[in-house]
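First comes the structure, then the notes that go with it.
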Amino acid sequence: MSSEENLQETDTEARFEFKKEQHSAFQSEKGLTEETIRLISEDKDEPDWMLERRLRALKQYKKMPMPTDWPGQPDLSELDVEEIVPYIRPDVETRGGAENWEDLPDEIQDTFEKLGIPEAEREALSGVGAQYESEVVYQNMQERWEEKGVVFCNMDEAVQEHEELVKQHFMTKCVPASDNKFAALHGAVWSGGSFVYIPEDVTVEMPVQAYFRMNSEGMGQFEHTLIIAEEGSEVHYIEGCSAPKYGTHNLHSGGVEVFVKEDAHVQYSTVQNWSKNTFNLNTKRAIVEENGTMEWVSGSMGSKATMLYPCSILKGRGATDNHITIAFAGEGQDIDTGAKVYHNAPDTKSTIESKSISKDGGRTNYRGLVHIADGAEDSSTSVECDALMFDNESTSDTMPYMEINESKVDVAHEATVGKIGDEDVFYLQSRGLDDDDAKQMIVAGFIEPITEELPIEYAVELNRLIELEMEGSLG
Amino acid sequence: MSGATRFHAGIDVETVERIAEERNEPKWLRAKRLDALEALSDLDYPDVIQTPGRTWTNLADLDFEALVEPFDQTEEKDWVADDQATVVPFHEALNDADLEALVKEHFGSVVDPEENRLTALSTALFTTGTVIYVPSNVDAEDVKIRTTMNGTSLFNYTLVVTDQNASVTILERQDTGADAATEERYYSGIVEAAVGENAYVQYGSLQDFDQSTYNYTLKRGVTDTYATLNWIEGNIGSQLTKTGVSTLLEGESSETKIVGAFFGHEDQHFDLDSKVWHRAEHTTADLVTRGVIDDEARSVYEGVQDVGRDAWDTSSYQRENTLMLSDESEADASPKLIINNHDTEASHSATVGQIDQEDLFYMEGRAIPEQAAKNMLVEGFFVPVLEEVEVDELREDLEERIHERLH
Amino acid sequence: MATIELKNVHAEVAEGDEQILHGVDLEVKSGEIHALMGPNGSGKSTTSKVIAGHPAYDVTEGDILLHLEADDFDGIDEIPESARTWDLLELEPNERAALGVFLAFQYPAEIEGVTMTNFLRTALNAKLEERDELLFGEDEDEDEDDEADAGYETSPMEGPADEGEVGVAEFQQLLSEKMELLDMDAKFAQRYLNAGFSGGEKKQNEVLQAAILEPTIAVLDEIDSGLDIDRLQDVADGINALRDEQGTGVLQITHYQRILDYVEPDTVHIMLDGEIAMEGGPELAEKLEDKGYDWVREQVYNAA
């Protein structure tokens, strides 16, 4: 990146390595029972309807089978949900988050220092919600946005403060708990996350940012993000994830629901860097109304296994979807990710770009579904998947599915797989770069078409993570 | 076993024994039939693609077995071949000691009879077939096989074996007899090909059954070093077709090409898959399929390029294009790459669309009526795959059938 | 004054045992221009690749040495005596490059997504850093383990990674000067490395890279093929400038006498069947143009 040097960077390596001792106020019993769910809800002082939704989701979760019949899907046999503690509330006096940075316990401040969050704030990001374990403990929304009616708050707080909006949108028509087993699990035990509301015709120029982090051994993370962008509004939401290394398998099963109203524009960016023992099984979905635009930017670097297919339902005429996906799988990782788009209205458009890199026995898979409904005339979709393989221990799969029920459409899918060329490496070496730098440069070039479309801080973060991944293999 | 009571004649040991007895089959074959029969109830239907809330082809609801009439497998078969290659009806081959040994060696070695419920059914009940054997260094003339189906069900088996440096082109055509009753019928065909070192086989097939036919075929070949196996798969007829065409590239530097063309109309349903497994170094595969669907027809395409861990220096390409002529038609496609060796150059692409309106407008501007222009464009759409067809006769047949369907 | 010396170099294809070089002897000094000519398959390109350290070839016998004098590198007062003679065969390709051995490729790699500017600045800084390490050892350079342990005491936000010796602004200045010299369009700087370049643009780019990296010895593999006459002139100017301004020793591999009209060689070597068969002054190239390689073959084998 040419302007990299103008930017502040977070030290992702430091982020990755440290962990803190636990002093939690409340820790639910292991395993999932109705009792656990009631405890969670009670502890949060939730309205009855939310408890009911949780209990219904629990029933659905118990009923549904594990997804095990997908061709070539990641191995989930080591995942024992019952063993993963679903909910931990950090030891903070003020429920719903501290108003000021200084009010946070030192230990948590210290953790955030290393995550670079105050720094990010100094960079004038418009709001910072940082999730330490399950609850958002620190919130700050710049006043000018609040004046315009923009809401950016902890999801738990939203249940209390914006009850009607939440009741209407929370796991109803976008991601119902019945969607899949992990969505059901999420619906039962969700905790924390962000609620974002952008009123009509308001444009939030700066990205709204949230960091999530898992820090307790064997602890699940089930944060819920609900974004409502009213007509003509615009927002860019950034989510970053990283968890320190632990011995037992962690589970992350977040839920993201985005409502993009007429002419609204939402960009949702994630760089996921969960530790290499995390099962990352998320459900992310957007419903896009007339002439709305939804953009998903996902970088999947961490986790043991990821199954993530952000979905856009293009419901209104002229709605647009844009997916950018980068996956990097190293030793022991299985990154199964892609996109889903439903074209349910005429003149809808989707573009999916995917780049994946596998090395040291890692596996990447692009799994994508594009569905064009009967009557969605003049819709178009274009999918491009490129994969780069480092070595012969790795695996790179591509599994697109196209379901076309309308003839007046334009559907194109292209995919390539290749290796790092020996000649290319030699050429760069002969110009003075060592073997590793040469490979790194080729990888950076490979994902460049995607990074150039990213917000700059994301591009930097991604490149840093890739450098770290690649260095890791050399040491 | 589902619907066992609805069989026109029992699919049971007695039936299988009788088929074998009437044809005076050797013990080993009888045993294979009985094994397949026994396995039947535990086997699943062939894999079909499923996505959330959708099954691309629903085979389980079609009761293939109910269409089976083991003792009414009537057909007409013509073979055209020259002296250099051996082309004989399956059961005639068993009368010749050398040929019987050849059949015994290869039967069921490429397509496991117990691969799925339909292959097992086919193995248990087949009554007709062809054995093609081309000895070393023989460059055989084109072999032509025409199968005309007259009964309610027909189970057909074809074995192709070529020795070192042999070369042969095989052209197979299937259709329905003019006198055949209009009730529903079931055709099932299995083709196994063992292509020897540096041998060349082109196997072309044109399926043109009437639209009361349910058609299941599985064609698979295995290649030795430097061998080439090219498949051409034309699908025009049938009510429902489920086919698999595949090559196992087992010999170093071997090659395969799978060329497909289909044209579905009315309420036809085609579920076509092309698969290649790269299992040796320096292998090359090229998968090219083009299809047109009209009316309420539905097409399902799956293409798999699977590169094994030891398949160094692989080249593998796949292209699939579907043209939709009607709003009520439906096209599903899933081209897949499974790559386990990084020394691979692989790509695939797929498109679905309609006739280009600009092209149409241009032609109409040159005074060509709309329908004629459309027809020209459809015929033009098929040209890239037709060009891959090396057998003139097959290409001309395909062209003719496409032309007929358009007019 | 630097010298590259090939002594009795035998080389074969790494995978397989096809021997290509059968004892090549060659010496190129700073400030000299040598032409290496020969028919297809005589081993010219292989010679260039073994000098640069291409992994596809194994040197089975002989030496490739680089001799340096104390003041050969600008910015380094005195090269330590222990670091004045290098056995290139023991060095990685990038280490050879760091010592000033430059290969202009006959077919340069096309690398998407990496801009020329980014690439060349990275290469220049890598070269300077590696050169220091080679000449003076890995002394003050941080030990990586220490850095990892100490990591948490400093803010993670401190400064971007490894700026390198040559900063962005300084480099851009340097690049635009050199590009002007070679009459190259300024927008090249933002294009991806060789991606979509015409044959001529690629060759020009190779010379540009040499101009930036300031090699002690440049091996130019068919830098003149695929060039129209205008570009040939630009490229030739670039090569002459390398010699005149930076004192680079040039080994120019070519099929054609044409470029030698613009870049006059001090010595012409003719290669046949993996050996240097004949040597002479610039007039040898002209003679060759007239009489062809059969004449060389006759001369050599009759004499032998």
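The values are calculated or read from the model by the stated rules, or taken from the named source; none is laboratory data. Computed from a prediction, not measured in an experiment: that's the story for all the values here. No Cβ is skipped: glycine too gets one built from the backbone with ideal geometry, and neighbour counts run over all protein chains shown. Areas reflect the complete protein model, heavy atoms only, side chains present, ligands, DNA and RNA absent. Shrake-Rupley method; radii C 1.70, N 1.55, O 1.52, S 1.80 Å.
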Seminar exercise, completed: Checked the stretch A:440-453 for anything farther than 24 Å from A:PRO400 by Cα and facing chain C (nearest Cβ under 9 Å); matches are A:MET441, A:ILE442, A:ALA444, A:GLY445, A:GLU452
Exercise. Do you know which residues across the stretch C:234-250 are surrounded by fewer than 21 Cβ atoms within 10 Å (Cβ to Cβ) and modelled with pLDDT of 90 or more?
Worked result: C:ASP237, C:ASN240, C:ALA241, C:ARG243, C:ASP244, C:GLY247
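Just give me the residues in the stretch C:235-258 being farther than 15 Å from C:TYR293 by Cα and more than 18 Å from the chain's Cα centre (by Cα), in sequence order.
Initially, the stretch C:235-258 is screened for residues farther than 15 Å from C:TYR293 by Cα, giving C:235-253, C:258.
C:ARG258, the sole residue that qualifies.
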Exercise. With respect to A:LYS59, is the statement that it is touching a helix residue (DSSP H, G or I) at 6+ places or on another chain (Cβ under 9 Å), assigned by TED's automatic domain parsing to the domain that holds A:GLN221 and at pLDDT 80 or above true?
Worked result: yes
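Being within 8 Å of chain C (Cβ to nearest Cβ) and part of a loop (DSSP other than H, G, I, E, B) is the filter; apply it to the stretch A:390-439 and report the residue that is nearest to C:ILE212 (Cα to Cα).
Here is the first cut: in the stretch A:390-439, the ones within 8 Å of chain C (Cβ to nearest Cβ) are A:421-424, A:426-435, A:437-438.
Still in the list and also part of a loop (DSSP other than H, G, I, E, B): A:421, A:430-434.
Details: A:GLY421: 25, A:SER430: 14, A:ARG431: 10, A:GLY432: 12, A:LEU433: 15, A:ASP434: 18 Å.
So, considering only residues that are within 8 Å of chain C (Cβ to nearest Cβ) and part of a loop (DSSP other than H, G, I, E, B), the one nearest to C:ILE212 (Cα to Cα) is A:ARG431.
Within the stretch C:169-205, which residues are among the aliphatic types (A, V, I, L, M) and either in contact with a His (Cβ under 7 Å, 6 or more places away or on another chain) or assigned to a helix (DSSP H, G or I) (or both)? Step through it out loud before you land on a result.
Pass one, the stretch C:169-205, residues among the aliphatic types (A, V, I, L, M): C:169, C:174-175, C:179, C:181-182, C:184, C:186, C:189, C:193, C:195.
The answer is C:ALA169, C:LEU174, C:LEU175, C:MET179, C:LEU181, C:ALA186, C:ALA189.
Results for (1) surrounded by 13 or more Cβ atoms within 10 Å (Cβ to Cβ); (2) without any contact (Cβ under 8 Å) to a residue 24 or more places away in the chain, shown as yes or no for each residue.
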position: C:ASP74; (1), (2): no, no
position: C:ASP77; (1), (2): no, yes
position: C:LEU89; (1), (2): yes, no
position: C:GLU95; (1), (2): yes, no
position: C:LEU99; (1), (2): yes, no
position: C:ALA104; (1), (2): yes, no
For this session: Scan the stretch B:89-101 and give yes if some residue there is within 23 Å of the chain's Cα centre (by Cα) and polar (S, T, N, Q), otherwise no.
Result: no
Exercise. Touching a strand residue (DSSP E or B) at 6+ places or on another chain (Cβ under 9 Å), open to solvent by less than 10 Å² (accessible area, probe 1.4 Å), touching a residue at least 12 places away in the same chain (Cβ under 8 Å) and not charged (D, E, K, R): does that describe A:HIS371?
Worked result: no
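Within the stretch A:344-353, restricting attention to residues that are of a type outside the set (A, V, I, L, M) and within 19 Å of A:MET399 (Cα to Cα), which residue is least open to solvent (accessible area, probe 1.4 Å)? If you could, list the steps in order and put the result at the bottom.
Filtering the stretch A:344-353 down to residues of a type outside the set (A, V, I, L, M) leaves A:344, A:346-351, A:353.
Filter once more, so that each one left must be within 19 Å of A:MET399 (Cα to Cα): A:350-351, A:353.
Details: A:SER350: 2, A:THR351: 40, A:GLU353: 41 Å².
The extreme case among them is A:SER350.
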Exercise. Hey, among the residues in the stretch B:348-372 that are open to solvent by less than 70 Å² (accessible area, probe 1.4 Å) and part of a loop (DSSP other than H, G, I, E, B), which one's farthest from the other protein chains (Cβ to nearest Cβ)?
Worked result: B:ILE368
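Go through the stretch C:169-202 and give me each residue that's in contact with a Lys or Arg (Cβ under 7 Å, 6 or more places away or on another chain) and free of Cβ contacts under 8 Å to residues at least 60 places away in the same chain. Steps first, please.
The initial filter retains those residues of the stretch C:169-202 that are in contact with a Lys or Arg (Cβ under 7 Å, 6 or more places away or on another chain), namely C:171, C:194, C:200.
Across the stretch C:169-202, the qualifying residues are C:PHE171, C:GLY200.
Just a yes or no: is a residue in the stretch C:47-67 touching a residue at least 40 places away in the same chain (Cβ under 8 Å), within 14 Å of chain A (Cβ to nearest Cβ), charged (D, E, K, R) and buried (at least 17 other Cβ atoms within 10 Å of the Cβ)? Before the answer, list the steps.
Initially, the stretch C:47-67 is screened for residues touching a residue at least 40 places away in the same chain (Cβ under 8 Å), giving C:47-53, C:55-67.
Then drop every residue that is not within 14 Å of chain A (Cβ to nearest Cβ), which leaves C:48-53, C:55-57.
Checking the rest, the ones that are also charged (D, E, K, R) come to C:49.
Retained after the next criterion (residues that are buried (at least 17 other Cβ atoms within 10 Å of the Cβ)): C:49.
Looking through the stretch C:47-67, at least one residue is touching a residue at least 40 places away in the same chain (Cβ under 8 Å), within 14 Å of chain A (Cβ to nearest Cβ), charged (D, E, K, R) and buried (at least 17 other Cβ atoms within 10 Å of the Cβ).
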Exercise. With respect to B:HIS265, is the statement that it is touching a helix residue (DSSP H, G or I) at 6+ places or on another chain (Cβ under 9 Å) and within 14 Å of chain A (Cβ to nearest Cβ) true?
Worked result: yes
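Of the residues A:ASN365, A:ASN322, A:ASN277, which is over 16 Å from the mean Cα position of the chain (by Cα), under 25 Å from B:ASP332 (Cβ atoms) and not hydroxyl-bearing (Ser, Thr, Tyr)? Working first, answer last.
Working: A:ASN322 fails: over 16 Å from the mean Cα position of the chain (by Cα); A:ASN277 fails: under 25 Å from B:ASP332 (Cβ atoms).
None of the others qualify; the one that does is A:ASN365.
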Exercise. Of all the strands (runs of 3 or more DSSP E) wholly in the stretch B:141-203, which have at least 3 residues that are polar (S, T, N, Q) and closer than 26 Å to B:GLU250 by Cβ?
Worked result: B:153-162
Exercise. Would the stretch C:126-133 turn up any residue that is surrounded by 24 or more Cβ atoms within 10 Å (Cβ to Cβ) and either part of a strand (DSSP E or B) or among the polar types (S, T, N, Q) (or both)?
Worked result: no
For this session: Could you list, in sequence order, all residues of the stretch B:45-67 that are in contact (Cβ under 8 Å) with a residue 12 or more places away in the chain, more than 19 Å from the chain's Cα centre (by Cα) and part of a loop (DSSP other than H, G, I, E, B)?
Result: B:ALA60, B:LEU62, B:ASP63
Exercise. Among the residues of the stretch A:313-323, which ones are buried (at least 24 other Cβ atoms within 10 Å of the Cβ) and over 16 Å from A:THR283 (Cβ atoms)?
Worked result: A:LEU314, A:ALA319, A:ASP321
Exercise. In this structure, is B:SER122 in contact (Cβ under 8 Å) with a residue 12 or more places away in the chain and part of a helix (DSSP H, G or I)?
Worked result: yes
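From the list C:LEU6, C:LEU26, exactly one residue is buried (at least 21 other Cβ atoms within 10 Å of the Cβ) and touching a Leu at 6+ places or on another chain (Cβ under 8 Å). Which is it? Spell out how you get there, then give the answer.
Numbers: C:LEU26 fails: buried (at least 21 other Cβ atoms within 10 Å of the Cβ).
The match here is C:LEU6.
Considering every residue within the stretch B:22-43, establish whether at least one is of a type in the set (A, V, I, L, M) and free of Cβ contacts under 8 Å to residues at least 60 places away in the same chain. Spell out how you get there, then give the answer.
Going residue by residue through the stretch B:22-43, those that are of a type in the set (A, V, I, L, M) are B:29, B:31, B:34, B:36-37, B:39-40, B:43.
Now restrict to residues that are free of Cβ contacts under 8 Å to residues at least 60 places away in the same chain: B:31.
Yes; the residues of the stretch B:22-43 include at least one that is of a type in the set (A, V, I, L, M) and free of Cβ contacts under 8 Å to residues at least 60 places away in the same chain.
Would the stretch B:56-72 turn up any residue that is within 14 Å of chain A (Cβ to nearest Cβ) and either under 15 Å from B:LYS242 (Cβ atoms) or open to solvent by 40 Å² or more (accessible area, probe 1.4 Å) (or both)? It would help to see each step written out before you state the result.
Step one: filter the stretch B:56-72 for residues within 14 Å of chain A (Cβ to nearest Cβ), giving B:56-57.
Next cut, either under 15 Å from B:LYS242 (Cβ atoms) or open to solvent by 40 Å² or more (accessible area, probe 1.4 Å) (or both) only: B:56-57.
Among the residues of the stretch B:56-72, at least one is within 14 Å of chain A (Cβ to nearest Cβ) and either under 15 Å from B:LYS242 (Cβ atoms) or open to solvent by 40 Å² or more (accessible area, probe 1.4 Å) (or both), which makes the answer yes.
Tell me whether the stretch B:169-179 contains one or more residues that are in contact with a helix residue (DSSP H, G or I) (Cβ under 6 Å, 6 or more places away or on another chain) and touching a residue at least 60 places away in the same chain (Cβ under 8 Å). Even if it seems obvious, please write down each step before you answer.
Keep residues of the stretch B:169-179 that are in contact with a helix residue (DSSP H, G or I) (Cβ under 6 Å, 6 or more places away or on another chain), which gives B:171.
Those still in the list that are touching a residue at least 60 places away in the same chain (Cβ under 8 Å) too: B:171.
Scanning the stretch B:169-179, I find at least one residue that is in contact with a helix residue (DSSP H, G or I) (Cβ under 6 Å, 6 or more places away or on another chain) and touching a residue at least 60 places away in the same chain (Cβ under 8 Å), so the answer is yes.
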